[in-house]
1. If we keep just the residues of region 1-35 that are among the charged types (D, E, K, R) and closer than 13 Å to T57 by Cα, which is surrounded by the most Cβ atoms within 10 Å (Cβ to Cβ)?
2. In this structure, does A62 turn out to be surrounded by 12 or more Cβ atoms within 10 Å (Cβ to Cβ) and in contact with a Cys (Cβ under 8 Å, 6 or more places away or on another chain)?
3. What pairs come out if I take residues in region 76-88 that are among the basic types (K, R) and pair them with residues that are part of a strand (DSSP E or B) whose C-beta lies under 8 Å away, six or more apart or interchain?
4. Just one of the numbered conditions (1) of a type in the set (D, E, K, R); (2) exposed (fewer than 11 other Cβ atoms within 10 Å of the Cβ); (3) under 19 Å from the mean Cα position of the chain (by Cα); (4) modelled with pLDDT under 95 is not true of E78; which one?
5. Assuming H3 fulfils every condition listed in (1) assigned to a loop (DSSP other than H, G, I, E, B); (2) free of Cβ contacts under 8 Å to residues at least 12 places away in the same chain apart from one, which condition is it?
6. Please pick out the residue among A76, A62, A25 that is assigned to a helix (DSSP H, G or I) and in contact with a helix residue (DSSP H, G or I) (Cβ under 9 Å, 6 or more places away or on another chain).
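The values are calculated or read from the model by the stated rules, or taken from the named source; none is laboratory data. All values reported here derive from a predicted model rather than from experimental measurement. Counting neighbours? That spans all protein chains shown, and the Cβs are built from the backbone with ideal geometry, glycine included.
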Amino acid sequence: MDHIIGNVIRWANDRNLIDGGCPKAQMLKCVSQVGKLADYVNKQKNIQDDIGDVLITLIILAAQHDLELEECLHGAYEIIKDRKGVMLDGVFIRDTDPSYEGALAVLGARRVVRNKGN
């Protein structure tokens, strides 16, 4: 991963996107790419290139702020790694949420119904 990130940074430097670029404009480019990715997810199209495009915009944005993508990812992971909870109907419910026990009960009931069908 380090090699490809280095390639992206060199590519961006060759085009003066890091030192000469505008972080606000780069953020708008990132949001635009995320929007395209969302559209393709919704349409169930191949999203591999679109995820790559989002990552490229983030690598450049991080470099414009003298950050490395790995640092950002590591920091975010350190914050979430001990979070506990469950996904119910598209919503993540933390174990500290008052509705957590109810969510577990719903998921348990769904598993029972699914297992009866097998």
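1. Taking region 1-35 as the starting set, the residues that turn out to be among the charged types (D, E, K, R) are 2, 10, 14-15, 19, 24, 29.
Within this subset, residues satisfying the condition of being closer than 13 Å to T57 by Cα are 24, 29.
Working: K24: 10, K29: 19.
So the residue we want is K29.
2. Numbers: surrounded by 12 or more Cβ atoms within 10 Å (Cβ to Cβ): yes; in contact with a Cys (Cβ under 8 Å, 6 or more places away or on another chain): yes.
The answer is yes for A62.
3. Pairs found: R83/R94; K84/R94.
4. The failed condition is (4).
5. Result: H3 passes all but (1).
6. On the way: A76 fails: in contact with a helix residue (DSSP H, G or I) (Cβ under 9 Å, 6 or more places away or on another chain); A25 fails: in contact with a helix residue (DSSP H, G or I) (Cβ under 9 Å, 6 or more places away or on another chain).
Every option except A62 fails the conditions.
Each row is one residue, and each column tells you yes or no for (1) within 26 Å of I9 (Cβ to Cβ); (2) touching a Leu at 6+ places or on another chain (Cβ under 6 Å).
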position: G35; (1), (2): yes, no
position: D49; (1), (2): yes, no
position: I59; (1), (2): yes, yes
position: E68; (1), (2): yes, no
position: C72; (1), (2): yes, no
position: G75; (1), (2): yes, no
position: D89; (1), (2): no, no
position: Y100; (1), (2): no, no
